[in-house]
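The values are calculated or read from the model by the stated rules, or taken from the named source; none is laboratory data. Quantities reported herein were computed from a predicted structural model and do not represent experimental measurements. Here the Cβ is made from the backbone with ideal geometry for all residues, glycine too, and neighbour counts use every protein chain on show. Surface accessibility is based on the protein's heavy atoms, side chains included, excluding ligands, DNA and RNA. Shrake-Rupley method; radii C 1.70, N 1.55, O 1.52, S 1.80 Å.
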Amino acid sequence: MDSQIDQLRVEALQQIAQATDEAGLDAIRVQFLGRSGSISLLSEGMKSLPKEDKPRFGKLLNDARTAVTSALDEARTELQARADRAAFSGVDVTLPGIARAQGALHPITQLQDRAVQIFRRMGFALADGPDIETEFHCFDALNTPADHPARNEQDTFYFQDGRLLRTHTSSVQIRTMESAVPPIRIIAPGAAYRRDEIDATHLAQFTQMEGLYVDSNVSVADLKGTLEFFFRELLGSDAQFRFRPHFFPFTEPSYEVDIRTRALGNADRWLEIAGCGMVDPAVFEAVNGRRGDRAFDPEKVTGFAFGFGLDRLAMILSGVPDIRLFTDNDQRFLRQF
Ligand code: DAH
C-alpha cells in the first residue's frame, strides 16, 4: 500500500506540472482529492489495515495530500501570473495616459444651487411641479382671468389638448398647496416658457425661482426681510432695495423689487430683479375649492410669494452679453465657469 500512495503522489504531481489552465487543475483536484478521488479512496481502505500499520500509513497519506494540495496552489498562482503577463504584453505602461476633460455644472445651475442654499438656511424646502401644466394651475387658480394677455396664444405655448408649457413657476404654488397644509415654506426653481422673439436677452425657455410662505400672521415685513436677506447673501451686503407697488393677479398688494449694488455692475443703476406680494385670498379660495376643505382659510392664514429669473442675474453677475450663449453648448464659453 505504501508504494500505491507514492505512485499516486508522483502521478498527481506530474499531471499538475502539465496542466495548462485552471479548469485542468480543478479536474486534477477532483481526480485525486475529491470525495471519491483516488487518494481519498485509499484513506477509506485504511480501515482494513492491521492496527500497528495505521499511524505510519496515515502519515504517508497525509503527506501525499499536503504535497498535492500545495502543488495545486502553486500551479494555480503561476497560471494566473502567466495570464496577467500575457494580457499586459502589448501594453507600454510608460506611455502617457489619456486625460479626460473634467465637466462642470452649467453657470445657471451654479447660481441656482447658491440661491437654494441661502433659502434652505431660512427653512425653505424644495418643491417641484410639471413643466407641462394645466390652465388651472398656471392661470385660473392664480386668479388670472380668461382675457388676460399672458393667456394669449401669442404668448403661451399650448398643446392640442388645452395643456400648456408653464409661463412661470408660480404654478408650483398651487401644486404645493393642493398637497400640503400650512405652515408652508417652499422654493421652486425650474424652467418657464414663453413665445418670445429670441434675441440677446430673450429665449423661449428660461429659468425662474418661485417662493411661497403661508402661515398664520405672515406680513409684508416678513416678505421684505426674507427677500432683502436673500439678495444681500447672494449679491453682497451693500445692496439697496426698492419695493415698487405693482400689479400681479395672484398677489395683493404686489411689488416689483429693484436692486442697486456693485455686484450687478453699476451701483448707480436700479435693476428690476423680482416680483412679489401677499398671496391674494382668491388664490387661497381656488386651492380650497380643489381640496374640498378650508385648509387655506384667508381669515386664518396669510402668505407671501415671490418669483425671479435666474438667467438675467447670471448674465449680469458673470458679464455674459448674450443669453443665447447659455444654450449654445459651446465648450469655449462653458469652460470659463
Ligand atoms: N410669475 C411672475 C412672472 O413670471 C413673477 C412673480 C410675481 C411671482 C409675483 C410671484 C409673485 O410669486 O408674487 O413674472
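Number of residues in the range 175-205 that are within 13 Å of the ligand (Cβ to nearest atom), closer than 23 Å to Phe159 by Cβ and over 24 Å from the mean Cα position of the chain (by Cα) equals 2. Checking each residue in the range 175-191 for being open to solvent by less than 30 Å² (accessible area, probe 1.4 Å) and in contact (Cβ under 8 Å) with a residue 60 or more places away in the chain picks out Met177, Ile184, Ile186, Ile187, Ala188, Pro189, Gly190, Ala191. Please identify the pairs in which a residue from the range 129-149 that is over 17 Å from Asn288 (Cα atoms) and in the same structural domain as Phe159 (by TED's automatic domain parsing) has its Cβ atom under 6 Å from the Cβ atom of a residue that is assigned to a helix (DSSP H, G or I) and among the β-branched types (Val, Ile, Thr), counting only partners at least 6 apart or on another chain. If the second residue must be assigned to a helix (DSSP H, G or I) and among the β-branched types (Val, Ile, Thr), the pairs left are Gly129/Val172.
To keep it simple, each residue is scored yes or no on (1) open to solvent by 80 Å² or more (accessible area, probe 1.4 Å); (2) in the same structural domain as Gln208 (by TED's automatic domain parsing); (3) over 36 Å from the mean Cα position of the chain (by Cα).
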position: Leu61; (1), (2), (3): no, no, yes
position: Ala64; (1), (2), (3): no, no, yes
position: Thr69; (1), (2), (3): no, no, yes
position: Asp73; (1), (2), (3): no, no, yes
position: Ala81; (1), (2), (3): no, no, yes
position: Thr94; (1), (2), (3): yes, no, yes
position: Ile98; (1), (2), (3): yes, no, no
position: Ala101; (1), (2), (3): yes, no, no
position: Asp113; (1), (2), (3): no, yes, no
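Within the range 84-104, being of a type outside the set (A, V, I, L, M, F, W, C) and either in contact (Cβ under 8 Å) with a residue 24 or more places away in the chain or part of a loop (DSSP other than H, G, I, E, B) (or both) holds for Ser89, Gly90, Asp92, Thr94, Pro96, Gly97, Arg100, Gln102, Gly103. Just one residue in the set Glu272, Glu197 is assigned to a strand (DSSP E or B) and open to solvent by 10 Å² or more (accessible area, probe 1.4 Å); that residue is Glu272.
Considering the conditions (1) buried (at least 21 other Cβ atoms within 10 Å of the Cβ); (2) without any contact (Cβ under 8 Å) to a residue 60 or more places away in the chain; (3) within 12 Å of the ligand (Cβ to nearest atom), Glu256 is excluded by exactly one of them, (1). How many residues does the range 152-174 contain that are crowded, with 19+ Cβ neighbours inside 10 Å, basic (Lys, Arg) and away from the ligand (no atom under 12 Å from the Cβ)? Final tally of qualifying residues: 0.
Residues checked against (1) modelled with pLDDT under 95; (2) more than 16 Å from the ligand (Cβ to nearest atom); (3) among the acidic types (Asp, Glu); (4) open to solvent by 60 Å² or more (accessible area, probe 1.4 Å):
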position	(1), (2), (3), (4)
Pro281	no, no, no, yes
Val287	no, no, no, no
Glu299	no, yes, yes, yes
Ala305	no, no, no, no
Phe308	no, no, no, no
Pro321	yes, yes, no, yes
Thr327	yes, yes, no, yes
Gln331	yes, yes, no, yes
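For the range 228-242, does any single residue satisfy the condition of being within 13 Å of the ligand (Cβ to nearest atom) and either at pLDDT 95 or above or surrounded by 14 or more Cβ atoms within 10 Å (Cβ to Cβ) (or both)? Scanning the range 228-242 turns up no residue that is within 13 Å of the ligand (Cβ to nearest atom) and either at pLDDT 95 or above or surrounded by 14 or more Cβ atoms within 10 Å (Cβ to Cβ) (or both). Entry remark, the range 259-275: residues being within 13 Å of the ligand (Cβ to nearest atom) and out of contact with any His (no Cβ under 9 Å at 6 or more places or on another chain) number 3 in total.
Scanning the range 4-14 finds one or more residues that are crowded, with 18+ Cβ neighbours inside 10 Å and over 12 Å from Ala71 (Cα atoms). Counting the residues of the range 137-151 that are at pLDDT below 95, in a helix (DSSP H, G or I) and more than 12 Å from the ligand (Cβ to nearest atom) gives 2.
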